[in-house]
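Below is one structure; the comments refer to it alone.
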Amino acid sequence: MIASLALAAAVAATPAQVKAPSDLLTPVSEPRVAVALLNCMVKQDGYLTACTVQEESPNDLGVGQAALSMISQTQVDLLGPDGKSRAGSYIQVPVRIRIR
């Protein structure tokens, strides 16, 4: 009788369903885009210096500060659209950052 109860319990129990890998993934929302507008001076070698944040959106994520930390690695063409040298002048630099 004990053997038949054990057999009945084994037959009645269903194995746990294994989830497919795609079921375990959480959908990711679309990346957001944050924008900062910097005002920077162009050095003689084309690198930017003395940058300040003019605008940032959204303003609660620290996008302006992040853009400031990256901008020193940016080099621009010394000749402006008018063909004159930009060295020593200030330019506006838009920085777009994708946030996931």
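The values are calculated or read from the model by the stated rules, or taken from the named source; none is laboratory data. Keep in mind it's a predicted model, so treat the numbers as computed, not measured. FYI the Cβ positions are ideal-geometry reconstructions off the backbone, even for glycines, and counts take in every protein chain you see.
Miscellaneous remarks
- Qualifying position, being surrounded by 10 or more Cβ atoms within 10 Å (Cβ to Cβ), more than 26 Å from residue 91 (Cβ to Cβ), among the small types (Gly, Ala, Ser) and at pLDDT below 90, among 3, 8, 20, 16: 8
- The set of residues from region 40-61 being surrounded by 15 or more Cβ atoms within 10 Å (Cβ to Cβ) and closer than 22 Å to residue 98 by Cβ comprises 40, 48, 51, 53, 56, 61.
- Against the conditions (1) in contact (Cβ under 8 Å) with a residue 24 or more places away in the chain; (2) within 20 Å of the chain's Cα centre (by Cα), residue 54 satisfies every one except (2).
- Test: residue in region 74-95 that is under 15 Å from the mean Cα position of the chain (by Cα) and assigned to a helix (DSSP H, G or I): no
- Cβ separations smaller than 8 Å between residues 6+ apart or across chains give the following pairs from region 59-83 residues that are more than 18 Å from residue 37 (Cβ to Cβ) to residues that are among the small types (Gly, Ala, Ser) and not in a loop (DSSP other than H, G, I, E, B): 78/85; 79/85.
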